[in-house]
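The values are calculated or read from the model by the stated rules, or taken from the named source; none is laboratory data. Keep in mind the model is a prediction, meaning the values are calculated, not measured. Cβ: placed from backbone, ideal geometry, glycine included. Neighbour counts: every protein chain shown. Each accessible area value is taken on the protein alone, full model and side chains, heavy atoms only, with ligands, DNA and RNA left out. Shrake-Rupley method; radii C 1.70, N 1.55, O 1.52, S 1.80 Å.
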Amino acid sequence: MTMVQNKIEYNHILVRFGELSTKGKNKKDFIKRLLVNVKNALRAYPHLTYERTHDRLYILLHGEDADKVAEILSHVFGISSFSFAIRVDSNIEHIKEMSLRIAKQADAKTFKIDTKRSDKRFPMISDEINRAVAGPILKQTDLKVDVKHPDLKIQIEIHEQDTYLMTGRIGGAGGYPIGVGGKALIMLSGGIDSPVAAYLTMKRGVAIECIHYASPPYTSDRAKEKVLELARLVSRYQGHVRVHIVPFTELQLAIYQNCDESYAITIMRRMMVRIAQRLSEQIHALAIVNGESIGQVASQTLESMLCINDVTCMPVIRPVCTMDKLEIIQLAKQIGTYETSILPFEDCCTIFTPQNPVTKPSIAKAVKMEQRFDYESLLTSCVDQIEHIDIYPNKEQDENEDLF
Amino acid sequence: MIYLDYASTTPIRKEILDAYQKVLRVYYGNADSLHQIGRESQKLMEKSRAQIAQLFSVSASEIFFTSCASESNSWAIKGFALANMYRGKHIITTCVEHSSVLHACDQLEKHFGFEVTYLPITKEGIVNIETLKQAFRKDTILVSVMAVNNETGALNPIEECAKMIHEQTRAVFHVDAVQAVGKINIPYEQIDMVTVSAHKIYGCKGSAILYKKDNLSLLPLINGGQQESGIRGGTSNAPVNIVFAKTLRLALEEQGNTYAHVKQLNDTLRQAFREMDDVTINSPNDALPHILNVSFLHVGSEIMLNALNERGICVSAQSTCSSHKKAHSYVLSAMGLGDVISTHAIRISLSYLTTMEEIQALIKACKEINHDYGTK
């Protein structure tokens, strides 16, 4: 949260929409989607009710904990900011009285009243309201007016019947509501980069599902559990995420047996993209997303990307492509995935590490090596045997819950 | 599930669990309290101590309850060294001890100015008596040698060591007998300090003892009240201490019956592994039969572990990989077995509970995995 809030019986949260205000005729769809996403995110709070106006969303708390609701809201994309609000009747005496109470409880030396009069039939103009409300505060407290840098800013929004009083503004997650931009499939590896890529994709309003390649026994159950935990962490932004686990061992062994060691990773990545494309077709995903960053490892040079990308005509989006490792780490820490990502379990990419992986693979060579074995049937069997797991933000309770 | 990791820990014996539950329910008092219910706990705990002493043929005042074998080892080494440093600051141990011994020695070296000689081991994984003899110095105050190596089951010549140490030096002799108790006889009367753990012999977790001769002084590691003769503070974990005696008694009673059974299982395994290509048996021929260490030269430790786990078979690997860098088994490396063997080893540990069917299932699984996942 970015601002200190004074808590006095806030009964509302006022939500301001993000970038979507600029989106012309799609706006309606955006707002609709945002409302659905907010309701989904807050489904654990059944007493909340929602009111929508053309540019605002009001969440009526009905006694639910404002801070807990705010914590969840701060993860919902499409919200530029929100404020705790108190609703009073649109009556100048009630407005004055509540403003005074807010001022008395605030730990501030200076203040400012900022009124917006949406209902132009209200008998006073904004400036008159400002002065009328400031009067009792100046008389009954030690607060002074400072219009430039007030410690306490009381915002008053007057509507036809109701008036909202707010004192602070909490930054939202920004971006577009998830779902307005279609769906993408994220290649979630278990490293630091791919959860960040997932986050950035969702932020642009794209819903995600995840694909993970497991090669037991070369990769352990712990590695898979780690990926599911990362999926859980990123699922907070869209309320749920589906993870597709691809049994990759046989195909990987076939690569190992048939291809040159230096090309093993290149060809493995080409197979991964092929599988991702086939799964995307099944689940109607419009793009493949991964956590590649230019030059980070041998398979992430531009030459490698060209060679790997060659197997698909779907867009392969690489949100962290141009970021430095440190920038990625910083974002990973911010979204809370870093600590899990650095747990030391093998993932698909770190097994079979050849001594000298090729950094400038050629498409022709890769194709030639792939012709040495029947990868088509192996791909089909991979896709057929995918395990689908639904992950929710709350850790599931297990049978041993009674022990704790 | 086929559990073949008994050297890590064992399931609790039903008789012990029943006794433990009864004690928890009925005798919940603090053994230091002066009221009736506390005194009852105290009495039972002292009865347990006396019975343990009797089983070891030592005196009750020489048995100390601790929270785990690592505590017993740390205490024996650091507690003794710090209390006796005026006599000398040289310690001898082996390079394949449990980490609690090695790290305690390391701490004494780094922070308290001690010198530690880490004895090499033979290719059979044991201490050579001559090497030990050569390491003696005038200021040697302590020698610590494990009875049975936890990775390989190699049996150290404890009696010979004890004899040599006591004949030639004034040093005291500590033995980590965690893997040995209930499997082979330990000559307690010839040793000055011995570590024994309950959960390796079908008892409770969080329960161990240190046997220490009366005349030795130890500095406490845990300061507190008058518990354990005032040298190991903290509220007594009376329930686990009370059932330790029964745990030990049952383990010793069954030692004779179960050894032959385990030996037969071990022989079957060795025979099968000898017939397989590219498998080495790392445990020496005369090792304790309860532990068998083998390397599948084309399947890394962790991969073997994962693959067996997938088939419902639990074994352990000392060398589990963390990304990129492969961890070695320091024990196998010390035996001079080389990189490949020490990164491809697994430890199978057996019990009287293990059946021949389980062993056959393990052999079958190993063959399949070796065939399916072996990479040169």
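Scanning region B:344-376 for residues being within 14 Å of chain A (Cβ to nearest Cβ), surrounded by 17 or more Cβ atoms within 10 Å (Cβ to Cβ) and not small (Gly, Ala, Ser) gives a total of 6. Taking the conditions exactly as written (within 19 Å of A:VAL180 (Cα to Cα) and either open to solvent by less than 20 Å² (accessible area, probe 1.4 Å) or at pLDDT below 75 (or both)), does A:VAL15 satisfy them or not? The answer is yes for A:VAL15.
Going by the structure shown, is B:VAL178 surrounded by 15 or more Cβ atoms within 10 Å (Cβ to Cβ), in a loop (DSSP other than H, G, I, E, B) and touching a residue at least 40 places away in the same chain (Cβ under 8 Å)? Yes: the conditions hold for B:VAL178.
If you go through region A:164-176 and keep only what is over 21 Å from A:PRO315 (Cβ atoms) and either surrounded by fewer than 24 Cβ atoms within 10 Å (Cβ to Cβ) or modelled with pLDDT of 90 or more (or both), you end up with A:TYR164, A:LEU165, A:MET166, A:GLY168, A:ARG169, A:ILE170, A:GLY171, A:GLY172, A:ALA173, A:GLY174.
Could you say whether any residue in region A:86-103 is touching a residue at least 12 places away in the same chain (Cβ under 8 Å), in contact with a Lys or Arg (Cβ under 8 Å, 6 or more places away or on another chain) and surrounded by 19 or more Cβ atoms within 10 Å (Cβ to Cβ)? Among the residues of region A:86-103, not one is touching a residue at least 12 places away in the same chain (Cβ under 8 Å), in contact with a Lys or Arg (Cβ under 8 Å, 6 or more places away or on another chain) and surrounded by 19 or more Cβ atoms within 10 Å (Cβ to Cβ), which makes the answer no. Residues in region A:179-234 that are under 26 Å from A:VAL38 (Cα atoms), open to solvent by 10 Å² or more (accessible area, probe 1.4 Å) and part of a loop (DSSP other than H, G, I, E, B): A:GLY179, A:VAL180, A:GLY181, A:GLY182, A:VAL206.
Within region B:36-64, can you find the residues that are in contact (Cβ under 8 Å) with a residue 24 or more places away in the chain, under 16 Å from B:ALA208 (Cβ atoms) and open to solvent by less than 10 Å² (accessible area, probe 1.4 Å)? Hits for region B:36-64 are B:MET45, B:SER48, B:ILE52, B:PHE56, B:ILE63, B:PHE64. Right, A:GLY295: closer than 28 Å to A:MET202 by Cβ, outside any helix (DSSP H, G or I) and free of Cβ contacts under 8 Å to residues at least 40 places away in the same chain or not? Answer is yes for this residue. Give the number of residues within region B:254-276 that are more than 19 Å from B:LYS183 (Cα to Cα) and open to solvent by 60 Å² or more (accessible area, probe 1.4 Å). Selection size over region B:254-276: 3.
Listed by position, the helices (runs of 4 or more DSSP H) contained in region B:1-99 that have at least 3 residues being among the aliphatic types (A, V, I, L, M) and touching a helix residue (DSSP H, G or I) at 6+ places or on another chain (Cβ under 7 Å) are B:14-26, B:36-56.
Comparison of A:TYR213, A:TYR263, A:TYR218 shows that the only residue that is within 13 Å of chain B (Cβ to nearest Cβ), of a type in the set (Phe, Trp, Tyr) and in contact (Cβ under 8 Å) with a residue 24 or more places away in the chain is A:TYR218. Here are B:GLU151, B:GLU189, B:GLU159, B:GLU228: which of them is touching a residue at least 60 places away in the same chain (Cβ under 8 Å) and surrounded by fewer than 16 Cβ atoms within 10 Å (Cβ to Cβ)? Residue meeting the stated conditions: B:GLU189. I'd like the full set of residues that are assigned to a helix (DSSP H, G or I) and either more than 8 Å from chain A (Cβ to nearest Cβ) or open to solvent by 30 Å² or more (accessible area, probe 1.4 Å) (or both), limited to region B:277-307. Within region B:277-307, B:SER301, B:LEU305 meet the criteria.
On the stretch given as region A:18-32, residues that are more than 17 Å from A:SER81 (Cα to Cα) and at pLDDT 60 or above total 7. Annotation for region B:321-332: at least one member residue is open to solvent by 20 Å² or more (accessible area, probe 1.4 Å), among the hydroxyl-bearing types (Ser, Thr, Tyr) and within 11 Å of chain A (Cβ to nearest Cβ).
Could you list all residues from region B:105-148 that are within 21 Å of B:VAL178 (Cα to Cα), open to solvent by 70 Å² or more (accessible area, probe 1.4 Å) and part of a strand (DSSP E or B)? Correct list: B:TYR118 only. Within region A:235-259, the set of residues being open to solvent by less than 40 Å² (accessible area, probe 1.4 Å) and within 27 Å of B:SER316 (Cβ to Cβ) comprises A:ILE245, A:PHE248, A:THR249, A:GLN252, A:LEU253.
Counting only residues that are under 24 Å from B:ARG87 (Cα atoms) and among the charged types (D, E, K, R), which one in region B:131-159 is nearest to the chain's Cα centre (by Cα)? Selected residue: B:LYS133. Scanning region A:315-335 for residues that are under 15 Å from A:VAL234 (Cβ atoms) and among the hydrophobic types (A, V, I, L, M, F, W, C) yields A:VAL320, A:ILE328, A:LEU331, A:ALA332, A:ILE335.
Out of A:THR301, A:THR312, one residue alone is farther than 17 Å from A:ILE275 by Cα and open to solvent by 10 Å² or more (accessible area, probe 1.4 Å). It is A:THR301. So, of the residues in region A:238-254 that are away from chain B (no Cβ under 12 Å) and part of a strand (DSSP E or B), which turns out to be farthest from the chain's Cα centre (by Cα)? Of everything passing the filter in region A:238-254, A:VAL246 is farthest from the chain's Cα centre (by Cα).
Yes or no: region A:137-154 includes at least one residue that is in a loop (DSSP other than H, G, I, E, B), in the same structural domain as A:LYS27 (by TED's automatic domain parsing), touching a helix residue (DSSP H, G or I) at 6+ places or on another chain (Cβ under 8 Å) and not acidic (Asp, Glu). There is at least one residue in region A:137-154 that is in a loop (DSSP other than H, G, I, E, B), in the same structural domain as A:LYS27 (by TED's automatic domain parsing), touching a helix residue (DSSP H, G or I) at 6+ places or on another chain (Cβ under 8 Å) and not acidic (Asp, Glu).
On inspection, B:GLY88 fails the criterion of being over 26 Å from B:GLN107 (Cβ atoms), over 26 Å from the mean Cα position of the chain (by Cα) and open to solvent by less than 20 Å² (accessible area, probe 1.4 Å). Screening A:GLY295 with (1) on the phi > 0 side of the Ramachandran plot; (2) among the small types (Gly, Ala, Ser); (3) within 14 Å of chain B (Cβ to nearest Cβ) gives one miss only, at (3).
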